[in-house]
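Only one structure is covered here, and it is reproduced in the block below.
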Amino acid sequence: MTMVWMRLRSSRWPLCAALLLAVAPALAEPDPLEPYRERFQLGLERFRAGDVHAAIQYWEAIRRQLGDEKAYRLMFNLGKAYEQLGDATLAAERYEVFLREADVAAQQGALDPAVQENVATARARMEALAASHARIRVLASTRPGLVQVDQGEPRLGAFCAYVAPGKHTVTVDRDTPKQRSIAFALEAGQVVDVDPTRPADPPAKPASPPPTGTPAPPAQPPAVAVVHEPPFPAYVIAVAGGVTVASLAVPWLARRHALGIRNDYEDPTTSVDRRHELASDYDDAKTLYGLSWLVPVAFAGATGALTVWYLDSAPVIVEGGPTATGGDVRIRARF
C-alpha cells in the first residue's frame, strides 16, 4: 500500500494556450500533503514493519491538522490500517471519507491512476465489510445523547457501527438518569437503526377544576419494575458453605493431637523425663486447638458476608398497578 502524491507534469498536457491558461491556477496550487511527506513516510515504515498502531498515530496527526477534505488520500491508508487492527467501524468511516472526497475531486478533474485504483479497492472493502458484519446505525437526533455500542467508546451524534454477527447491546444516554439499553441479535449483512432521541420532559399538568358532584377517584401510579442483578452465581454460597463445614476438620484434628499427647502422658510406662516433655507439648497442643477454631469461624464469617451480599443484590422485581379493587403489588425474587 502506497500513498499517492499528486504531481502534474507539463509534458503530459500538450494542450492549446487557452486551455493552459484555464488550468494554470490548478497547476500552481500546492499539494496539501507535501509538507507532511516525511511524517507520512515514517508512518508507512511503521506500517510495513507491522507496528500498525504507530502508523495510525503518525497518520491521524496529519489528518487532524489538515482536515478530512485536504487529507482525503491519507484516509485510504487509515482505512487499511484500522481494518488490519480489526476495527471495522473506523475502517469503514475512513473509507467512506476517502470515497466521498475522491468523487468530489473527480468532478473537478481527472484522478491520478493510483488514486483510481485505491477508489476501486476501497469500494470493494466497503462491500466486504458490509457483507461480513452487521451494522448498527445510530440516527441523527435533535435531542442527542451519548450512545455506546457494547463496550466501545461512547459517541455523540450519528454514526454507523460495524459489529460481528451475534448479540450486541446499545446504551443510549450513557451516564444520565435517562440511560437505557437495547439488545440485538444480529446476523451478517443485517442493518438496524437506533433513534437516540431523548424523551421530552412531560408538560406540566394544568390545575384541576374544582370538583363537581362525585369526585373522580385518584389516579393510580403506573406499574414499576426494578431489577438488580446478583454479583455472582448462587452456587458460590454453596461452595463457601461446604468449605466452612470442611474446615471443622482443623479443630477436630488439633483435638485428637492434644488427646494423643495426654494419653501418652497418662501411660504408666512413660518415664518421668518424658512426662515433663509431654506436659509442655500438651500445653502447646491445647493452645493450638483453641486457635484452630479461628479457621472455621473465619470461613463461616466469609460465607455469611457472601450470603448477605447476594441477598441484597439478588434479582428482585417489584410490580405495581391499578386493579378493579384498587391496587395490586407483586414482589418476585430469585435466590
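Here are the numbers:
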read-out	value
Count of the range 264-283 residues which are in a helix (DSSP H, G or I) and surrounded by fewer than 12 Cβ atoms within 10 Å (Cβ to Cβ)	5
Which listed residue, of THR323, THR287, is in the same structural domain as ILE237 (by TED's automatic domain parsing) and at pLDDT below 90	THR323
Test for ALA128: is it loosely packed, with under 13 Cβ neighbours inside 10 Å, modelled with pLDDT of 85 or more, hydrophobic (A, V, I, L, M, F, W, C) and closer than 19 Å to ALA92 by Cα	yes
Residues located in the range 166-187, provided they are surrounded by 14 or more Cβ atoms within 10 Å (Cβ to Cβ) and out of contact with any strand residue (DSSP E or B) (no Cβ under 6 Å at 6 or more places or on another chain)	ASP173
Lone unmet requirement of (1) surrounded by 14 or more Cβ atoms within 10 Å (Cβ to Cβ); (2) at pLDDT below 95 for TYR82	(2)
Conditions (1) without any contact (Cβ under 8 Å) to a residue 40 or more places away in the chain; (2) farther than 27 Å from GLU45 by Cβ; number of the one not met by TYR162	(1)
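Every residue, every condition in (1) basic (Lys, Arg); (2) out of contact with any Pro (no Cβ under 7 Å at 6 or more places or on another chain); (3) without any contact (Cβ under 8 Å) to a residue 12 or more places away in the chain, yes or no:
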residue	(1), (2), (3)
VAL239	no, yes, yes
SER247	no, no, no
GLY260	no, yes, yes
ASP264	no, yes, no
VAL272	no, yes, yes
ARG275	yes, yes, yes
THR287	no, yes, yes
PHE299	no, yes, no
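The values are calculated or read from the model by the stated rules, or taken from the named source; none is laboratory data. The structure presented is a predicted model; accordingly, all values stated were derived computationally and were not measured. Glycine gets a Cβ as well: all are built from the backbone with ideal geometry, and neighbour counts include every protein chain shown.
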